[in-house]
Structures are given as C-alpha cells and as structure tokens.
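The values are calculated or read from the model by the stated rules, or taken from the named source; none is laboratory data. Remember, predicted model here, so these are calculated numbers, not experimental data. For neighbour counting, all protein chains shown are included, and Cβ atoms are generated from backbone atoms with ideal geometry for every residue, glycine included.
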Amino acid sequence: MFLAAAIAILVAMVLALLRALMGPTLYDRILSVNAFGTKTVLFIAILGFLMGRPEFLDIALVYALINFIAMIGVLRFFEYKQVETVAENEEDQQ
Amino acid sequence: MSELIDGLSWGLLLLGGFICVSGGIGMHRFPDFFSRMHAASVTDTLGGTLVLLGLMLQVDGQYLVLVKLVLVLLFILITSPTGSHALAKAALHGGLRPKLGSKQDEKDADVLNNFGRTNTPETDKNKE
Amino acid sequence: MKKNNSFRYIISLVIVLSLIWIGNSGYFNGLLLSLGAVSVAFVVFMAYRLDIVDEESQPLQVSRRIIVYWLWLLKNLIQSNVNVVKRIWQGPKSIDPVVARIPTSQKTEMGQTIYANSITLTPGTTTLDIEGDTLIVYALSYDGIQYLLGGEMDRRVKRLEE
C-alpha cells in the first residue's frame, strides 16, 4: 500500500515537473519547483517506510528546510528583476 | 485493533495520494499563475497532512520516527503560506496580473495598481 | 538595541532548541548530550547577537487557545481543500477569481501575521499585501471573500492575544 501512495506521488511529481518545463512565466516555474520539492519530501518519507528504513526521514526533514530557503532565495534574486530591466530599457532609450 | 489502524492508515495514504495527484492536475488545468498557486497549495496542506498522518499510524512504537514525522509536517505547514505569499508578491512586483472573473467588484479593481511597474525599484526597497 | 526583558525569551528558545535536538537524536549518552548542549548554547548566542530573541520569534503572549484555534483551522482547511479539489476536477470554468480588500480588527503585528497566514494557508484564498488595517486578498471565487468578510476567522485570531 506504501507502493500505491508512492506511485501516486510520483505521478504528481511528474505533473509538477511538466509544468516547470512548460510554465509560461518564471513564477510558474518557481511555483512548480517548490511543489515538486514538497512532493519530494513526502516521497522520501514514504520511501523510508517502503524500504523499512525510517532513517530516511532525516533527509526529508533537511529537504523540507532547503526547499523553503531555496525558494525564498530565488525569489529575492528575481523579485525586482523585470522592473529593473524595464527601467534600464527606458534609460537606454533616453 | 491493529487491522483497524492499518486500514485507517492505508485509507489516509491513498486519499493523500489522490489529493496530491489532483493538485498536480490542477496545476495544468487552471488558466493563470495565481489560480495554479491554489492548486499547488492543496498538495502542500491537505495532501501532505494526510500522507504524513497515514505514515504516523505506521510507526509501530518508534517514537523517534513519530517526532520526525511531526516535525516534517510542522515545517511544511509553516513554510507553505510564507512561500505562497512571497511568490504571489514577487509575481505582482514582476508585473504579472491575475485574470479576474465576472464577480470582480469595481471599487476594488484599483487594488493592484500599487505593485510592480509603476513603482521604481528604489522606492520599493526603501519601503521594506 | 533594546535587550530588556529578554530572559524569558532566551529560556523559551533554549527549551525549544533542546526539544528539537533530543527529538532528532534520540541518544542519551554523555557525549551526544554535551554536543547538543554546546550546539544549543551556540545557536542561542548567535540569536542573541542577531537580536532576534524577542516576542516575534518566541510569541509567548499568544494564549493557550492557539490549540483550539489550530483544530478549528484544520477543520476549515479540510473544507476549503475539498472545495478546491472539486473545482480542479470540474475544470477551469468553475473558478471566478476575485481580488478584494478585507478589513481586519487586529491591533498587533502578530495578530495580523497570524490572520494573513491563516488566510494564505487555506487553499482558495491568498493574502497579497497588507495596507494598514486592510488585507488585499485574492480568491478563486467570491465565496471565499464572502466568508472572510463574515469575520469569524478575524474574531478567533483576535481572541488569541487577549
């Protein structure tokens, strides 16, 4: 039964990854990568039980933290990017 | 008794898996970024909670594993709204606007004007 | 840099960090416990230097009613999740996105944060920004806005800090 849940989460991960590859805007991609990370955490947790080694949960815990920090970091980097490029273009034109 | 707990845990795991897949499908069916964000948060909240609750019923007396599962659940539930909010705000600053439906109130339509391209980046940074 | 009255916040931080260490290690021999004590002391020292040991990181003023609030929020979470999953399977025609201003009665920043995060945590509604006393909320349909305008969540969050 762990296997069924693991497969369901794998399907959801593939869907999120597809959205990350297709995603029309940058933010769609960040969103899907974040959703992918959350599902990875769940997948690692289930995998630990599936293989009878719940120590995998340590990895899941660290992954949950890294996932959040990475997303905030990437957003900090990109938040004003588009505005700045617009401003730069306007300056170039003047 | 143990059959009951097993059955409950399997039900929770399957339901959690179904909701995760629904969230994934929602990320493809919804039309714009802001509605996709809601589809993703379905997985973060109820899907994750159900899967982890299902696993918690299977720990079999290993309390350390239980503690770790609770910690993972807490981290997901605490970081998910922060992440969604940061993402939505970054998208607004980047000039992305939600497609609004027919019920949109006219008096609230100007709400989003304060974001993004009209502001210069300097004033935004000063505000924070 | 005001550092008065920070003693109880430091105690609370030490307790939380020690619980996390013990919960994650599970060993009770001398070496690992002393390593844990050193780690906790180091983290508390760093937090003190960063001046983040205050009522923001250790919200001790939030009353014990937070447990009841969490249970209520969980019930709410399940309802709105079922709602959104239904919309996902019905397809894109079932959503009707709305942006609206929601007035709040929260006095403190902590109350506003809890309220805004609760709104974001429930699928179907997302807080986009806070302007003084109003939140700007994006919702998948008008039902979510109507529910928030009803103000039940607002009242419950406000009661947490009394």
> Which of the residues belonging to segment A:21-59 are buried (at least 18 other Cβ atoms within 10 Å of the Cβ), among the small types (Gly, Ala, Ser) and more than 8 Å from chain B (Cβ to nearest Cβ)?
Replying inline: A:GLY23, A:GLY37, A:GLY48
> Got a number for residues in segment C:108-130 being outside any helix (DSSP H, G or I), touching a residue at least 12 places away in the same chain (Cβ under 8 Å) and either β-branched (Val, Ile, Thr) or out of contact with any Lys or Arg (no Cβ under 7 Å at 6 or more places or on another chain) (or both)?
Replying inline: 7
>> Given the options C:GLY124, C:GLY91, name the one that is surrounded by 19 or more Cβ atoms within 10 Å (Cβ to Cβ) and facing chain B (nearest Cβ under 8 Å).
In response: C:GLY124
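To keep it simple, each residue is scored yes or no on (1) in a helix (DSSP H, G or I); (2) closer than 17 Å to B:VAL51 by Cα.
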site	(1), (2)
A:ILE7	yes, yes
A:PHE43	yes, yes
A:GLY52	no, yes
A:ILE69	yes, no
>> Exactly one condition in (1) more than 7 Å from every other protein chain (Cβ to nearest Cβ); (2) touching a residue at least 12 places away in the same chain (Cβ under 8 Å) is false for B:SER2; which is it?
In response: (2)
> B:ASP60 fails exactly one of the following numbered conditions: (1) facing chain A (nearest Cβ under 7 Å); (2) modelled with pLDDT under 90. What is the number of that condition?
Replying inline: (1)
> Within segment C:19-35, restricting attention to residues that are of a type in the set (Ser, Thr, Tyr) and assigned to a helix (DSSP H, G or I), which residue is nearest to A:ASP58 (Cα to Cα)?
Replying inline: C:SER25
> Which residue pairs have Cβ atoms under 7 Å apart, sit 6 or more places apart or on different chains, and have a first residue in segment B:6-31 that is crowded, with 22+ Cβ neighbours inside 10 Å and a second that is of a type in the set (Lys, Arg)?
Replying inline: B:CYS20/A:LYS39; B:MET27/A:ARG19; B:MET27/B:ARG36; B:PHE30/B:ARG36
>> Between a residue in segment A:32-56 that is closer than 28 Å to B:PHE33 by Cα and at pLDDT below 90 and any residue that is in a loop (DSSP other than H, G, I, E, B) and basic (Lys, Arg), which pairs come within a Cβ distance under 7 Å, given they are 6 or more apart or on different chains?
In response: none
> Where residues in segment B:75-100 are within 11 Å of chain C (Cβ to nearest Cβ) and in a loop (DSSP other than H, G, I, E, B), which of them is surrounded by the most Cβ atoms within 10 Å (Cβ to Cβ)?
Replying inline: B:PRO98
> Which residue out of A:VAL83, A:VAL74 is touching a Pro at 6+ places or on another chain (Cβ under 8 Å), assigned to a helix (DSSP H, G or I) and modelled with pLDDT under 90?
Replying inline: A:VAL83
> Which one of these is outside any helix (DSSP H, G or I) and either more than 21 Å from the chain's Cα centre (by Cα) or assigned by TED's automatic domain parsing to the domain that holds C:GLY150 (or both): C:VAL44, C:VAL99, C:VAL38?
Replying inline: C:VAL99
>> Only one of B:VAL42, B:VAL72, B:VAL111 is modelled with pLDDT of 75 or more, more than 9 Å from chain A (Cβ to nearest Cβ) and part of a helix (DSSP H, G or I). Can you tell me which?
In response: B:VAL42
